[in-house]
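One structure below.
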Amino acid sequence: MSAPKVCPTCSTEYPATERFCPKDGTALRASTTETANLAGSVIAERYHVLEKLGEGGMGQVYLAEHVKMGRRSAVKVMHPAMVHDANTIARFNREAANASRIDHPNVAAIYDFGETSDGLVYLAMQYVEGETLTQLVRANGALPIPRAVEIIRQAAEGLHAAHGLGIVHRDLKPDNIMVTKDRDGLDCVKVVDFGIAKGSGPGGQKVTKTGIVVGTPEYMSPEQLSGDEVDARSDLYSLALVAFNLLTGELPFPAESTQTAMIMRLTEPPRRLAEMKPDVAWPAELEAVMARALARQPRDRYETTREFGRALHAAAGSASIPIAATTAATAQVPPVAPPKRRELAIAAGVLGALVAIVVAVLLVRGRGAAGSVAFDEGVSAYRTGRRAVAAERFSVAAKETPSDPMPHVYLARIARESNDLTTANVEAVTAVRLGPENGAALRELATIAFVQQNYTGARTFYTRAIKADPNDRISQGYLGCSLVRLGRADEGMRWIQRAGTGSWSSCAPTP
């Protein structure tokens, strides 16, 4: 039996089949792989560990001093779950060697990497005495516009140097951007943790063999969430999220949970700066630059982080970067078309196991004859209890008619009835993406949330299902049940009574 997994953020333990924490979206790791505190020890016979600096989903970070050179380094020791066999260790070494080629004042240099005789895989990088952007915002709140955009401009330059070598960071977030001071006391930015970066192009976006996706859900690009290949524009999107956070103290996708915000990135436009911080007179040019950088489709963003950084600086009215330094395409930011409709705000916890395999982007085509036949055969097989045949037929229909949500609704239902909630989540979310107003898709996603005892998510989706089909008695009943279990008994009972008799009646509180 596989060892259980644990969330490194909230320490909750989950079955080995789970990939992400439903509570906070953090990548899970095997609970048996906890690395002891190495303070006081010597790593690879040359790094004397002084103290532990921190820990994340990938490993622990220590302040260490080279025993001969006296130079201090930040040494990351990878969690065994991340580098558990010869192939993954070899890949880690290749990626670390690749990242060590980055030579730029806004990137923390990589000094050394390897594996110790007792099996520790480590990476030694430049130690930056300063604070992360997370610490900076926590201590100061939103930063003044000039300071925020200058920090982003410097980070953008460091990323641009890496991208020029074909290296994509893929885990850009406030924790991985540090601010120190130069000789004149001005902000000097360092992008850190490039040692786990991946090359761009085919094969660059992969899930680890432990089922962990490299990246932090709050700052992943839409294509990263969708499991697509990533390039420099994915880092650009993540940097734009960081910029938004520096400018407003918030993120542009406010939601009840990390999972909600992730799906909003796939389905909704970002909030404007003025919506999140209305007490500031935001320049229209700055709003336009942010909107372009946060475009859902990579092709609609800036081509490079350098373009974005310079455009942001110019839009903020800084004199240090002249407008003429930007390209015409950058200086003339096209207006962002308003969305035709708000598609979907996914609610808490439904998608905890989803991110590693979340929805692939599907081509939009009409239902063809072959897909229609396969779908009808699937329905017939499902109604007669032949679940395996039905699943095969619905899978064919989904491929033949990729714009049709209904095959995915049935695939989700079959997976849920088989207690395969990971697959059920994937199929249900795919169905909702294809049909954001499809009542059957919304009800299935709500039911999966209900089964997982995620009554907040169930309430959200049953409500949307009822909006799509006001006569959906099942959704009415289970919306009532969800409300009862959320402590809103009076409101819940009104829905249960409206729905009439049914299995949801058992949700009524006992007198």
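The values are calculated or read from the model by the stated rules, or taken from the named source; none is laboratory data. Nothing here was measured: the structure is a model prediction, and the numbers come from that model. Here the Cβ positions follow ideal geometry from the backbone for every residue, glycine too, while neighbour counts run over all protein chains shown.
The set of residues from region 95-107 being over 24 Å from the mean Cα position of the chain (by Cα) and either surrounded by 16 or more Cβ atoms within 10 Å (Cβ to Cβ) or modelled with pLDDT under 85 (or both) comprises Asn98, Ser100, Ile102, His104, Asn106.
Residues checked against (1) at pLDDT 65 or above; (2) of a type outside the set (Lys, Arg):
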position	(1), (2)
Lys5	yes, no
Thr17	yes, yes
Pro22	no, yes
Gly40	yes, yes
Gly54	yes, yes
Met58	yes, yes
Arg71	yes, no
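Val168 meets each of the listed conditions (1) within 26 Å of Glu223 (Cα to Cα); (2) surrounded by fewer than 22 Cβ atoms within 10 Å (Cβ to Cβ) apart from (2).
Let's see how each residue does on (1) farther than 23 Å from Gly185 by Cα; (2) surrounded by 21 or more Cβ atoms within 10 Å (Cβ to Cβ); (3) assigned by the TED database to the domain that holds Leu172:
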position: Gly70; (1), (2), (3): yes, no, no
position: His79; (1), (2), (3): yes, yes, no
position: Asn93; (1), (2), (3): yes, no, no
position: Ala139; (1), (2), (3): no, no, yes
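Look at Ile102 and say whether it is within 16 Å of Val191 (Cβ to Cβ) and in a loop (DSSP other than H, G, I, E, B). Judged against the criteria, Ile102 is a match. With the requirement that a residue be without any contact (Cβ under 8 Å) to a residue 12 or more places away in the chain and either of a type in the set (Asp, Glu) or closer than 16 Å to Ala161 by Cα (or both), what does region 80-134 give you? Within region 80-134, Asp118 is the sole residue that qualifies.
Given the criteria more than 16 Å from Ala412 (Cα to Cα), touching a Ser or Thr at 6+ places or on another chain (Cβ under 8 Å) and either in a helix (DSSP H, G or I) or free of Cβ contacts under 8 Å to residues at least 12 places away in the same chain (or both), does Ile474 qualify? In short, no.
Applying the condition of being under 20 Å from Pro436 (Cα atoms) and small (Gly, Ala, Ser) to region 396-423 and asking which residue is surrounded by the fewest Cβ atoms within 10 Å (Cβ to Cβ) yields Ser403. Can you find a residue that is in contact (Cβ under 8 Å) with a residue 60 or more places away in the chain, in a helix (DSSP H, G or I) and under 16 Å from Leu236 (Cα atoms) anywhere in region 165-174? The answer is yes; a qualifying residue exists. Restricting attention to region 379-410, the residues that are closer than 24 Å to Pro222 by Cα, of a type outside the set (D, E, K, R) and in a helix (DSSP H, G or I) add up to 5.
Taking the conditions exactly as written (farther than 30 Å from Gly164 by Cβ and at pLDDT below 90), does Pro269 satisfy them or not? Considered against the rule, which asks whether it is farther than 30 Å from Gly164 by Cβ and at pLDDT below 90, Pro269 comes out as yes.
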